[in-house]
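Undergrad: Submitted below is the structure of interest, expressed as structure tokens.
The values are calculated or read from the model by the stated rules, or taken from the named source; none is laboratory data. For clarity, every value in this text was computed on a predicted model and none was experimentally measured. Please note: Cβ atoms are built from the backbone with ideal geometry, for glycine as well, and neighbour counts cover all protein chains shown.
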Ligand code: NAP
């Protein structure tokens, strides 16, 4: 029997195995893919790279690892991130407890034995006292039910399950559906290779340049000289990264327009999420938000030569309401002669035929179809497992009205089950590895506390869960996050309840609440 079964060998599962095993627990990781790496194994489309600088999107738990690992670029590419995951698996001798090519089909809580009975798709059974779901909030790809999709005669590729062999776009007419983070990364590269590229845009994206390039040796040396201090300062910021830049001390609209523009321009030149951190109120004050949004719209108009195309590319929803895209040459791609933008915001894609897509009564011929249509976020990865808690309660039924949870880590009715970087945690707004390390450390401490006292189970209470979800909703009400149709709200999936699923409010406040619950003897949990 295992002490802990971890599902998923991405960054969460790898650190979970290392940490829990090093405190003497018997741990096994089951991974559906033939490799470690999680999201960085699956999302290997052209241009896939991280949108947070690698010096900040990396593990902090081991000083020697963070000193010795060298990132070649400011924003690591998918292959480099996959190498890093493999390096960590080897360096900490993790592979002996990881079973690859093994998808979990079911996990049922056996109340009499206080154990999780886990079954794989191949039919193996494993018992564990605790289960940690390290399957990521964005691992269940969304393929829209466009009529006729199955009749398309060319290849249909999804950004989140990209083929492992190289895809040749040369001489082909390619269509991309979607303009989120994945699409914004792959569109410029496919445009360079394809004969024509037609982009079907339902909602325009705000994209800020990464200004990616070789990692500057002086910057690397400066950060590594006090890496622990740098990590600690990052953990005190709302997003768990970006501590090198502080927001302006005044709210946006109290700063005169010239200074405001100058600061936006400075942050645009820094690149990435720095723009959203220029002022403290960008995500909470609609006027402040619109000032930032209008700055980006101005950039789009200045980059894209055809004013009609620029207009279609200009978003009208609040900036940051959907996750900001971090790009390399995205808007400029629309200046190419071989690229066409089709607005499907007003008139959806009607159908797919053998040779193309039809929208607004017009057929668009294509040889290849790329769906960069995102994920069934937060709930999808868990609800596709036959996951049952007390009295056979299925997670699908528990979450019919939205993902009830406490601290983002636990669900009432599902004892001894922990969920990593899921609904109810601030992980989506942080450098996710900061959240992963926080969650795993919290879980490790919790299991040690239970074991030291001879307790068999821990389970979130329903009142604690209700209060946590109410807190999440109350915080979201004070933000711009409710002002668009994002995956944070489940609004990208037809029929999914429109609930703001992550926790806003910043990582430090979240971590404090988690710590307070633990220090109060796991307040909000029943322990037996
Ligand atoms: P996404 O942000 O959900 O974007 C999906 C796109 O597909 C949206 O433009 C969406 O339009 C469109 N779409 C979906 N269904 C459609 C339909 N039936 N017809 C037309 N358009 C449709 O997904 P993603 O780009 O894969 O990114 C998801 C998240 O993964 C990101 O927000 C980010 O957190 C993470 N990610 C990060 C990076 C990175 O830079 N490191 C890269 C990729 C992904 P609507 O907006 O109208 O729904």
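Undergrad: Could you run through region 24-60 and say how many residues are in contact (Cβ under 8 Å) with a residue 40 or more places away in the chain, within 16 Å of the ligand (Cβ to nearest atom) and assigned to a loop (DSSP other than H, G, I, E, B)? Let's see the steps before the verdict.
TA: Let us first name the residues in region 24-60 that are in contact (Cβ under 8 Å) with a residue 40 or more places away in the chain, namely 25, 27-49, 51-60.
Within this subset, residues satisfying the condition of being within 16 Å of the ligand (Cβ to nearest atom) are 37-49, 51-58.
Next, from what is left, pick out any that are assigned to a loop (DSSP other than H, G, I, E, B): 37-38, 43-48, 51-58.
Residues flagged as in contact (Cβ under 8 Å) with a residue 40 or more places away in the chain, within 16 Å of the ligand (Cβ to nearest atom) and assigned to a loop (DSSP other than H, G, I, E, B) within region 24-60 amount to 16.
Undergrad: Under 19 Å from residue 140 (Cα atoms) and outside any loop (DSSP other than H, G, I, E, B): which single residue out of 191, 175, 160 fits that description?
TA: Details: 191 fails: under 19 Å from residue 140 (Cα atoms); 175 fails: under 19 Å from residue 140 (Cα atoms).
Being under 19 Å from residue 140 (Cα atoms) and outside any loop (DSSP other than H, G, I, E, B) holds for just one of 191, 175, 160, which is 160.
Undergrad: Taking only pairs six or more apart or across chains, which ones have beta-carbon atoms under 6 Å, a first residue in region 305-327 that is over 22 Å from residue 279 (Cα atoms), and a second residue that is within 10 Å of the ligand (Cβ to nearest atom) and modelled with pLDDT of 95 or more?
TA: These pairs meet every condition: 313/204.
Undergrad: Same structure, new question: Among (1) in a helix (DSSP H, G or I); (2) closer than 22 Å to residue 411 by Cβ, where does residue 433 come up short?
TA: So residue 433 meets the others, but not (2).
Undergrad: Return a yes/no flag: does region 106-126 have any residue that is touching a helix residue (DSSP H, G or I) at 6+ places or on another chain (Cβ under 8 Å) and either modelled with pLDDT under 95 or within 13 Å of the ligand (Cβ to nearest atom) (or both).
TA: no
Undergrad: So residue 418 passes all but one of these: (1) under 28 Å from residue 110 (Cα atoms); (2) free of Cβ contacts under 8 Å to residues at least 12 places away in the same chain. Which condition number does it fail?
TA: Exception for residue 418: condition (2).
Undergrad: While we're on this one: All but one of (1) within 16 Å of the ligand (Cβ to nearest atom); (2) in contact with a helix residue (DSSP H, G or I) (Cβ under 9 Å, 6 or more places away or on another chain); (3) more than 15 Å from residue 320 (Cβ to Cβ) hold for residue 200, so report the exception by its number.
TA: The number of the failed condition is (2).
Undergrad: A further question follows. When you check residue 480 against the structure, is it outside any helix (DSSP H, G or I), under 21 Å from the mean Cα position of the chain (by Cα), at pLDDT 95 or above and surrounded by 20 or more Cβ atoms within 10 Å (Cβ to Cβ), yes or no? Quick ask: steps written out before the conclusion?
TA: Numbers: outside any helix (DSSP H, G or I): yes; under 21 Å from the mean Cα position of the chain (by Cα): yes; at pLDDT 95 or above: yes; surrounded by 20 or more Cβ atoms within 10 Å (Cβ to Cβ): yes.
Considered against the rule, which asks whether it is outside any helix (DSSP H, G or I), under 21 Å from the mean Cα position of the chain (by Cα), at pLDDT 95 or above and surrounded by 20 or more Cβ atoms within 10 Å (Cβ to Cβ), residue 480 comes out as yes.
Undergrad: Considering only residues that are over 30 Å from residue 183 (Cα atoms) and surrounded by fewer than 18 Cβ atoms within 10 Å (Cβ to Cβ), which ones fall in region 23-44?
TA: If the condition is that a residue be over 30 Å from residue 183 (Cα atoms) and surrounded by fewer than 18 Cβ atoms within 10 Å (Cβ to Cβ), then 23, 24, 26 are the ones that fit.
Undergrad: Examine region 463-478 for a residue that is on the phi > 0 side of the Ramachandran plot and more than 16 Å from the ligand (Cβ to nearest atom), and state whether such a residue exists. Break it down stepwise before answering.
TA: Going through region 463-478, the residues on the phi > 0 side of the Ramachandran plot turn out to be none.
So far as region 463-478 goes, no, none of its residues is on the phi > 0 side of the Ramachandran plot and more than 16 Å from the ligand (Cβ to nearest atom).
Undergrad: Next question. Only one of 147, 79, 141 is surrounded by fewer than 20 Cβ atoms within 10 Å (Cβ to Cβ), more than 17 Å from residue 32 (Cβ to Cβ) and in contact (Cβ under 8 Å) with a residue 40 or more places away in the chain. Can you tell me which? Outline the logic, then answer.
TA: Working: 79 fails: in contact (Cβ under 8 Å) with a residue 40 or more places away in the chain; 141 fails: more than 17 Å from residue 32 (Cβ to Cβ).
One residue alone meets the criteria, 147.
Undergrad: Right, another one. Could you tell me how many of the residues in region 340-372 are within 26 Å of residue 296 (Cβ to Cβ), surrounded by fewer than 19 Cβ atoms within 10 Å (Cβ to Cβ) and touching a helix residue (DSSP H, G or I) at 6+ places or on another chain (Cβ under 6 Å)?
TA: Number satisfying all stated conditions: 1.
Undergrad: Still on this structure, please answer the following. Checking the structure you have, find out if any residue of region 214-228 is part of a loop (DSSP other than H, G, I, E, B) and under 21 Å from residue 73 (Cβ atoms).
TA: Quick first cut of region 214-228, residues part of a loop (DSSP other than H, G, I, E, B) only: 215-216, 226.
Remaining after also requiring under 21 Å from residue 73 (Cβ atoms): 215-216.
Yes, there is a match, as at least one residue in region 214-228 is part of a loop (DSSP other than H, G, I, E, B) and under 21 Å from residue 73 (Cβ atoms).
Undergrad: Only one of 436, 443 is crowded, with 18+ Cβ neighbours inside 10 Å, at pLDDT 95 or above and within 16 Å of the ligand (Cβ to nearest atom). Can you tell me which?
TA: Answer to the selection: 436.
Undergrad: Quick check on residue 494: is it within 15 Å of the ligand (Cβ to nearest atom) and within 23 Å of residue 134 (Cα to Cα)? Walk me through it before giving the result.
TA: Values: within 15 Å of the ligand (Cβ to nearest atom): yes; within 23 Å of residue 134 (Cα to Cα): no.
Against the criterion (within 15 Å of the ligand (Cβ to nearest atom) and within 23 Å of residue 134 (Cα to Cα)), residue 494 does not qualify.
Undergrad: Just one of 131, 184, 167 is part of a strand (DSSP E or B) and either more than 11 Å from the ligand (Cβ to nearest atom) or touching a residue at least 24 places away in the same chain (Cβ under 8 Å) (or both); which is it? Step through it out loud before you land on a result.
TA: On the way: 184 fails: part of a strand (DSSP E or B); 167 fails: part of a strand (DSSP E or B).
Unique residue meeting the criteria: 131.
Undergrad: Any residue in region 223-244 that is at positive phi and in contact (Cβ under 8 Å) with a residue 60 or more places away in the chain?
TA: Within region 223-244, the first condition is being at positive phi, and the residues that meet it are 240, 242.
Those still in the list that are in contact (Cβ under 8 Å) with a residue 60 or more places away in the chain too: 240, 242.
Yes, that holds for at least one residue.
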